[in-house]
Amino acid sequence: MVRIPTNERPVHSEAIGDDPVLGYRALSGVSDEMLDRNGQIRPVWQTLIDALGRMSESELHERFARADRYLRDAGVFYRSYGAQGNGERSWPISHVPVLIDGREWEKVSAGLVQRAELLEKIVADIYGDNTLVRDGILPPALVASNPEFLRPLVGVKPVNGHYLHFCSFEIGRGPDGNWWVLADRTQAPSGAGFALENRVATTRALSDIYGEMHVHRLASFFGAFRNALQAHKRYPDDRIAVLTPGPANETYFEHAYIARYLGFMLLEGEDLTVVNDRVMVRTVAGLKPIGVLWRRLDASYADPLELNQNSHIGTPGLVQALRAGSVTIVNALGAGILETRALLAFTPTICHHLLDEELLLPSIATWWCGQESERKHVADNIERMVIGPAYSRLPFFDDSGQSVLGSSLRESAKRSVGEWLASEGGKLVGQEVVTLSTTPAYCGGKLIPRPMSLRVFAARTENGWQIMPGGFARIGSGDDVEAIAMQAGGTAADVWIVSDKPVERQSLLPPEESFSRNMPGSLPSRAADNLFWLGRYIERSEGALRILRSWHIRYAEAANPAQPLLADVARYLESIDMDMAKAVPEPLIRNIDSAIYSASNIRDRFSPDGWLALNDLAKTAKRFHEAVQAGDDAAHAMTVLLRKLAGFAGLVHENMYRFTGWRFLSIGRYLERGLHMTRLLGHMSGPDAPDGSLDMLLEIGDSVMTHRRRYNVNTARLTVTDLLALDPLNPRSILFQLNEIRTEVEQLPHPHGTGQMSALDRESMRLHSGLAVMTPDAMNADVYAKLEAEMEKLSDLLGQTYFG
């Protein structure tokens with residue numbers, strides 16, 4: 001047992017298994033979760049412990065490294081916030097799963113189903129008849145003064161009749177082996193996607209043990225919830241979407257993962273608009289209706305028109321769409337009031353009043369200090385209390401130090417607690433200091449008991465509430481329960497619900513005998529915009545790398561940057577903002593970072609392999625930026641980066657489905673490559689270009705061998721122009737890019753549906769035709785400058801047509 005916040009911990013002397021390595025590790029690793037009330041190992045743990053006991057320490061290390069490698073390759077992360085700044089952190093897995101007997105889990109599940117039903121009735125009453133306040137069961141202040149009480153939603157009943165569809169609960173096990181609820185999560189519960197990834201990673205490490213034990217699968221839980229959301233669509237053309245605050249959110253990876261796993265659109269508030277009281281998504285094919293929104297942002301930010309006016313991530317008119325009954329929002333706006341910490345003090349009484357039942361799973365003992373008798377109880381028992389904000393939505397170990405542990409106060413402060421509670425009592429709650437059971441965590445080559453809580457998920461399905469058979473356990477980084485929080489260094493373990501008989505293996509795939517081929521959904525305009533710019537930034541980086549490699553190869557030979565050709569190319573690089581202060585310029589790093597940013601905005605449409613390749617490119621470029629010197633080293637570095645970039649481009653080209661998103665990505669690449677070659681030819685193919693410019697142009701354009709085969713002469717201005725500007729078969733030529741752009745533009749949807757050729761169609765065709773009839777001798781600096789301007793105009797026209 002671990003009592004907060006002290007470091008007290010029982011010492012167990014018994015070793016587990018006969019293996020001396022595991023016996024040493026387990027000497028301090030026996031945990032409360034593994035032992036029953038008689039101090040014996042729970043049967044549910046025996047198979048796992050025996051299996052671990054047969055492994056050497058090196059085998060365990062290799063197995064757990066396998067799980068870490070999977071999470072790293074899959075790009076699983078969460079965003080941490082702190083004094084060191086904000087940044088992405090790898091998902092902190094705790095490799096040893098938490099095991100719970102299936103029969104015990106049935107009791108926990110029954111308690112959570114009851115609690116979900118109770119919370120549904122409470123929120124329906126708060127925004128409906130308000131009988132709980134009227135009958136004196138719930139203090140008016142806890143509703144009226146609550147920042148999570150959204151007055152514009154009073155009287156607005158969900159079109160499907162339910163406020164809650166997806167909840168999570170923070171639960172812990174006490175010293176007596178019983179479970180209780182630490183916190184309810186109804187605003188925008190997070191963690192279900194991470195639970196899935198935890199399961200995959202853990203089974204990578206312990207696949208043989210997992211296969212031997214009868215562990216309940218998670219897929220059926222998500223399948224049932226997906227079917228329930230599908231049933232909420234009112235019209236056949238309605239779409240289902242996950243509404244995310246965006247990439248800066250702490251759990252954005254999960255939003256993208258869940259959307260991809262369930263086949264839903266991932267949208268931000270700016271993707272949506274409300275037209276005639278219907279929520280519509282802006283797509284490249286025009287406005288399309290949204291019937292169900294699984295929101296992952298706090299309700300007050302959802303509609304700046306009627307809720308938080310300072311919100312930049314919401315959709316004006318969303319509340320009105322709810323009033324009109326045209327959209328289902330999961331969970332209903334305003335449901336966050338159920339997370340209020342002070343509400344836990346009244347949950348037992350409310351359960352009696354609304355359900356005429358005792359709570360099957362009690363809450364952590366809580367007293368709202370807005371009442372005199374409760375204030376006195378908290379003050380008289382301050383040694384056993386944690387005092388914190390009444391309206392906080394977080395349990396005490398998650399609230400970033402807002403709560404005060406009574407036993408840590410000085411004697412003078414303890415004596416004045418009564419005065420503090422009398423003056424501020426309505427804003428405070430007292431909660432009994434809890435003792436959480438421990439579970440084994442693998443640290444430093446041995447198993448060590450660490451405090452834990454479970455995050456468990458409940459989904460409303462067509463057959464009622466269903467509890468995920470698992471979830472994830474939050475494991476403390478030390479003996480202090482406050483170290484459970486992820487931001488405080490806590491880790492997350494998979495939770496195995498183990499049956500005593502074989503369990504059904506289910507997946508989200510339909511039966512083989514019946515399937516339908518659905519066309520990909522409409523592409524949101526913002527996603528198309530990011531795909532287009534991803535293509536441009538990748539090609540811009542490649543173009544810069546090719547120029548820099550050629551420059552450094554020649555610099556290694558001449559060692560004189562003032563040599564005419566090197567000086568001329570350096571001036572060109574400066575004209576495109578490619579600072580040459582370092583061999584691997586900072587602007588090149590920024591281009592790659594911009595590509596990553598564009599990709600991060602479409603994580604639900606981006607393969608894990610592509611994401612891994614792009615991040616590997618960025619890390620390598622930054623390493624070279626700090627270490628590489630001009631000349632041969634830099635030329636080699638550019639070659640390495642070009643190979644990595646080619647690997648990424650190959651992944652995209654070979655694996656991406658040839659639909660609208662791929663077309664925007666491709667148009668971005670073709671347009672940037674065309675601009676790159678147009679600028680280069682305009683600068684380096686003129687009659688006054690330094691000696692060696694034409695050879696360097698062919699090298700940059702990766703066309704040296706082609707030129708030798710096609711033209712039986714040395715490099716000349718006309719042959720280089722013909723090959724790099726006008727050859728329709730050369731994938732590096734300007735004409736090739738314009739031909740591909742025209743072809744892809746013809747395949748894009750027409751957002752206005754007029755049936756006529758759009759301005760974008762006409763401009764892409766005119767550009768291609770105009771260049772196709774040109775001859776090499778007619779190409780000069782003025783023609784290239786005009787062509788560059790027209791290609792930039794084409795980019796603007798594409799944006800106006802599809803991204804506006």
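Data for the structure
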{"quantity": "Directionally averaged shadow of the range 581-645, computed from the convex hull of its alpha-carbon atoms, nm²", "calculated": "4.1 nm²"}
{"quantity": "Estimated inter-spin distance, Arg37 and Lys582, nm [label 7 Å along Cα→Cβ]", "calculated": "6.4 nm"}
{"quantity": "Sequence-separation-based contact order of the chain, relative, with Cα cut under 8 Å and 6+ spacing, percent", "calculated": "15 percent"}
{"quantity": "The range 126-247 - Debye-derived log10 I(q)/I(0), Cα point model, q = 0.11, 0.18, 0.22 Å⁻¹", "calculated": "-0.67, -1.28, -1.41"}
{"quantity": "Full-extension gain in nm, Arg103 to Val773, via 0.36 nm per residue minus C-alpha separation", "calculated": "233.3 nm"}
{"quantity": "Computed E for Asp593/Asn227 - FRET, C-beta separation, R0 51 angstrom, nearest 0.05", "calculated": "0.80"}
{"quantity": "Rounded tilt (10° steps) of 252-262 against the dominant C-alpha axis of the chain", "calculated": "90 degrees"}
{"quantity": "Taking the range 331-425 and dividing mean pair separation by its residue count, relative contact order in percent (alpha carbons under 8 Å, at least six apart)", "calculated": "29 percent"}
{"quantity": "Full-extension gain in nm, Glu270 to His377, via 0.36 nm per residue minus C-alpha separation", "calculated": "33.6 nm"}
{"quantity": "Per-selection Rg to Rh, the range 215-321 - Cα, Kirkwood hydrodynamic radius", "calculated": "0.99"}
{"quantity": "Size of the range 672-804 as Cα extents on the principal axes (Å, biggest first)", "calculated": "52, 27, 22"}
{"quantity": "Residue-span extension gain [Lys157 to Ala559] - 0.36 nm each, minus C-alpha spacing", "calculated": "137.1 nm"}
{"quantity": "Ratio Rg/Rh [Cα only; Rh per Kirkwood] for the chain", "calculated": "1.04"}
{"quantity": "Entries of Lys107/Lys501; Lys288/Lys793; Lys619/Lys644 with Cα pairs more than 21 Å apart", "calculated": "Lys288/Lys793"}
{"quantity": "Relative packing of peptides 535-541, 645-651 - highest average C-beta neighbours within 10 Å first", "calculated": "535-541, 645-651"}
{"quantity": "Rel. contact order, % - alpha carbon contacts under 8 angstrom, at least six apart, the range 257-389", "calculated": "17 percent"}
{"quantity": "Residue order for Cys167, Cys443 - accessible surface, 1.4 angstrom probe, largest first", "calculated": "Cys443, Cys167"}
{"quantity": "Evaluated at q = 0.22 Å⁻¹: base-10 log I(q)/I(0), Debye formula over Cα of the range 283-409", "calculated": "-1.25"}
{"quantity": "The range 539-579 residues near the modelled Gln629 label - backbone nitrogen below 19 Å, point 7 Å along Cα→Cβ", "calculated": "549, 551-562"}
{"quantity": "Label-reachable residues, the range 444-481, where backbone N falls under 19 Å from a point 7 Å from Ser407's Cα toward its Cβ", "calculated": "450-453, 476-481"}
{"quantity": "Rg over Rh [alpha-carbon atoms, Kirkwood Rh] for the range 58-174", "calculated": "1.13"}
{"quantity": "Share of Cα-Cα pairs in the range 548-612 lying beyond 14 Å, as whole percent", "calculated": "66 percent"}
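The values are calculated or read from the model by the stated rules, or taken from the named source; none is laboratory data. Bear in mind the structure is a predicted one, so any value in this text is a computation, not a measurement. Using ideal geometry, Cβ is built from the backbone for each residue, glycine included, and neighbour counts are taken over all protein chains shown. Areas reflect the complete protein model, heavy atoms only, side chains present, ligands, DNA and RNA absent. Shrake-Rupley method; radii C 1.70, N 1.55, O 1.52, S 1.80 Å.
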